[in-house]
Amino acid sequence: ARQPIIAIDGPAGAGKSTVARQLAQQLGLLYLDTGAMYRAFTWYVLSQDCDPADEVAVAELLSKCTIKLTATPSEQTPQPPEVWVNETAVTQAIRTPEVTANVSTIAAQGAVRQALVKQQMQYGLAGGVVADGRDIGTHVFPNAELKIFLTASVEERARRRQRDLAHQGQAIPELADLAQAISERDHKDSTREISPLRQAEDAIEVITDQLTIEGVLDKLSALYQEKV
Ligand code: C5P
């Protein structure tokens, strides 16, 4: 029998990746950051000077782009996975505002989703995975043992993003601009035709506005012990 799978979906900036990778470490499971895969392919499309809205040209690039994510090493503070496109390390490059602004356009395209979901399903064949994204519980791993829908208000997510940027020593955009960018991405992700962002029927909603990361982790560990 395969090992358990935990699916964590939700809107942009709800803290999915931080929580998913720490939970994976606690439970000794692998962390699969599916957003990093859409970002990596978006980075590649932009690097080829291809118009992200040109579906035919974008689809042609799929066969030329090999995406690799390293498994999370077991350290005290787990880092985001290292991401490679062909022979190029893109771990930081996939987090730029330019990639973020274009990723939802590319992630809405059928050929792109088909290719990346196939790779994700292969990664999860043996189980033992915590995966985060938008369609994990609804589409990629519909048989996941535990499904979480992690949300927070747009205002709270914008404040957290502002704090993250400050910590990284980066320029700090206006709160209203961050909130608008987050809302736009959520809108695109939840209104696209193919596997839009939505809560699976059997997912448990966790609203994180009033919770610390530790608080969210405690809640998810408890749910895991209860259900798995
Ligand atoms: O999670 P993250 O913000 O890195 O995801 C970036 C983008 O990738 C999302 O806004 C969405 O457009 C796309 N995505 C997706 N399906 C997933 C994960 C991410 O469409 N499972």
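Observations on the structure shown:
- Taking helices (runs of 4 or more DSSP H) as the structural unit, those lying wholly within segment 149-228 and holding at least 3 residues that are within 30 Å of residue 4 (Cα to Cα) and open to solvent by less than 60 Å² (accessible area, probe 1.4 Å) correspond to 175-191, 213-227.
- Members of segment 1-22 that are among the aliphatic types (A, V, I, L, M), assigned to a loop (DSSP other than H, G, I, E, B) and closer than 19 Å to residue 124 by Cβ: 1
- Scanning segment 24-35 for residues that are more than 6 Å from the ligand (Cβ to nearest atom), open to solvent by less than 20 Å² (accessible area, probe 1.4 Å) and touching a helix residue (DSSP H, G or I) at 6+ places or on another chain (Cβ under 8 Å) yields a total of 3.
- Test: residue in segment 128-135 that is at pLDDT 95 or above, among the charged types (D, E, K, R), within 19 Å of residue 3 (Cβ to Cβ) and in contact with a Ser or Thr (Cβ under 7 Å, 6 or more places away or on another chain): yes
- Contacts under 6 angstrom Cβ, first residue in segment 77-103 being part of a loop (DSSP other than H, G, I, E, B), partner hydrophobic (A, V, I, L, M, F, W, C), 6 or more apart: 81/69; 90/40; 90/43; 90/83; 91/83
- Unmet criterion (only one of (1) within 13 Å of the ligand (Cβ to nearest atom); (2) surrounded by fewer than 17 Cβ atoms within 10 Å (Cβ to Cβ); (3) of a type outside the set (D, E, K, R)) for residue 86: (1)
- Selection within segment 52-63: residues that are within 23 Å of the chain's Cα centre (by Cα) and surrounded by fewer than 15 Cβ atoms within 10 Å (Cβ to Cβ). The member of this set that is farthest from residue 116 (Cα to Cα) is 53.
- Any hit, segment 123-146, residues being within 12 Å of the ligand (Cβ to nearest atom), of a type in the set (Gly, Ala, Ser) and in a helix (DSSP H, G or I): yes
- Check on residue 162, within 27 Å of residue 46 (Cα to Cα) and away from the ligand (no atom under 13 Å from the Cβ): yes
The values are calculated or read from the model by the stated rules, or taken from the named source; none is laboratory data. Fair warning: this is a prediction, and the values are worked out from it, not measured in the lab. Note: ideal-geometry Cβ built from the backbone for every residue, glycine included; neighbour counts use all protein chains shown. Surface accessibility is based on the protein's heavy atoms, side chains included, excluding ligands, DNA and RNA. Shrake-Rupley method; radii C 1.70, N 1.55, O 1.52, S 1.80 Å.
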